[in-house]
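Since the structure comes first, as structure tokens, the remarks are kept for the end.
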Amino acid sequence: MIGRLRLGVCAPIETLVGVKVLVVGSGGREHALVRALSRSPLLTELHAAPGNPGISALASCHPARADDPASIVPLAFELGVDLVVVGPEAPLVAGLADELRSRGVPVFGPSAEAARIEGSKAFAKEVMDSAGVPSAQILDEPRAPCVVKADGLAAGKGVWVCRTQPELEDALRTVATLDQQFHVEELLEGGEVSVFALCDGSRALPLASAQDYKRIGDGDAGPNTGGMGAFSPRLPPNEVSEIVETVHVPVLAELAQRGTPFLGTLYAGLMLTENGPRVLEFNCRFGDPETQVVLPLVEGDLLEALAAAAAGDVRGVATTPSGRSAVTVVLAGRDYPERGDSGTPIDGIEAAERAGALVLHAATALHDGDLVTNGGRILNVVGVAATVAEARTAAYDAAAHIDFAGMRLRTDIASNV
């Protein structure tokens, strides 16, 4: 029974029935998670905290802050949930999973100590070196070309690629304002790929690979953002499995050896160099917007997989990619990433969905019953099709139906595939 999971005992997959789930978060990633979990035959109740208007169509939303354990932990008990799935990185780094586990609530998400793999780039470097995982080398002194990285969390905006000395000087001035440590590393060249694995502390289940587009403008122009779009798959399944065995599994072993086993999504961002894959960074959760293209391609029961990982044994669980492709296009506010947009009416979502796309809410709100903007990245429009090219066409055709004042998007997502 699922109750055995609550007590920290790994229940056989076939005995998991009547599962109540709480998803923590409010963005497009969480909408994608809720959508995938809602399709599970094991599910009886689905909740989100705080959720958003799109999530509310699939789950009961509760006004609890994702980064406030004092709200989330009592809510989990009040609802009697059997599994908590934590979306954002900040609550994990702050120890939300520890708070829940200490009270007997199963969590898909790592402890604060294991989440340091994202929360501290210096710690991640140390772990990779000990595990023998290849990564970019840290430079003794700043010199272009190079990459400047803030050590802690920066909402996906703590990295500066510096090909010239003036760019390096600007990056050093900017990172100094963050009041945290940073380092400078070599600039690796090649194609980027995001590889996710569902981990139970020692084993890793690969998901489809993805590539995201960080900069605000076409042709990778302008400042970094949290991500303006993505496509999947980026690599064939056999290459993904090889990366997981040579990158993820050694890191899992190293963390376990340190007494901090990693249970959750271990996300490696890699550069495919001439000398093989090199890790750019690790994250301790599902990526955003990559999750929006990876989860629609999962065959099998995502809830089953997350519950098995939380219970410490993913053996016997399948996360086989469907063989299809997905592309997501982010619709952002006028002044993103400098500032968000609030209260602007949004039109055309129903028409976009009728066109065959998935529309995932990332930063929306209801004002007197009307849907309005409520942040920087407002919506994710996802096309799913047999090929990346067809999925791209589906996403952009659907996005053309949506409108809000100042809406901006990149027009080149997956154009070079």
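The values are calculated or read from the model by the stated rules, or taken from the named source; none is laboratory data. Bear in mind the structure is a predicted one, so any value in this text is a computation, not a measurement. Virtual Cβ from ideal backbone geometry, glycine too; neighbours counted across all protein chains shown. Protein only, heavy atoms only, side chains kept; ligands, DNA and RNA dropped before computing areas. Shrake-Rupley method; radii C 1.70, N 1.55, O 1.52, S 1.80 Å.
Structure notes:
- Test result for L46, within 20 Å of E304 (Cβ to Cβ), out of contact with any strand residue (DSSP E or B) (no Cβ under 6 Å at 6 or more places or on another chain), open to solvent by 10 Å² or more (accessible area, probe 1.4 Å) and not charged (D, E, K, R): no
- Any hit, segment 272-285, residues being within 17 Å of L37 (Cβ to Cβ) and surrounded by 18 or more Cβ atoms within 10 Å (Cβ to Cβ): yes
- In segment 224-248, the residue that is nearest to H361 (Cα to Cα) out of those that are among the β-branched types (V, I, T) and open to solvent by less than 40 Å² (accessible area, probe 1.4 Å) is T225.
- Enumeration of residues in segment 117-148 that are at negative phi, open to solvent by 30 Å² or more (accessible area, probe 1.4 Å) and in contact (Cβ under 8 Å) with a residue 24 or more places away in the chain: K121, A122, S130, P134, Q137, I138, L139, E141, P142, R143, A144, P145
- Qualifying residues in segment 286-304 (those that are assigned to a loop (DSSP other than H, G, I, E, B) and touching a residue at least 40 places away in the same chain (Cβ under 8 Å)) - the one surrounded by the fewest Cβ atoms within 10 Å (Cβ to Cβ): D301
- Filtered residues of segment 177-223 (kept if of a type in the set (D, E, K, R), open to solvent by less than 50 Å² (accessible area, probe 1.4 Å) and in contact with a Cys (Cβ under 7 Å, 6 or more places away or on another chain)): E185
- Per the listing T344, T320, the residue uniquely more than 28 Å from R116 (Cβ to Cβ), among the polar types (S, T, N, Q) and at pLDDT 95 or above is T344.
- Failed criterion for L153 (all others in (1) in contact (Cβ under 8 Å) with a residue 40 or more places away in the chain; (2) not in a loop (DSSP other than H, G, I, E, B) hold): (2)
- Complete set of residues in segment 189-245 that are among the charged types (D, E, K, R), assigned to a strand (DSSP E or B), in contact with a Leu (Cβ under 8 Å, 6 or more places away or on another chain) and modelled with pLDDT of 95 or more: D200
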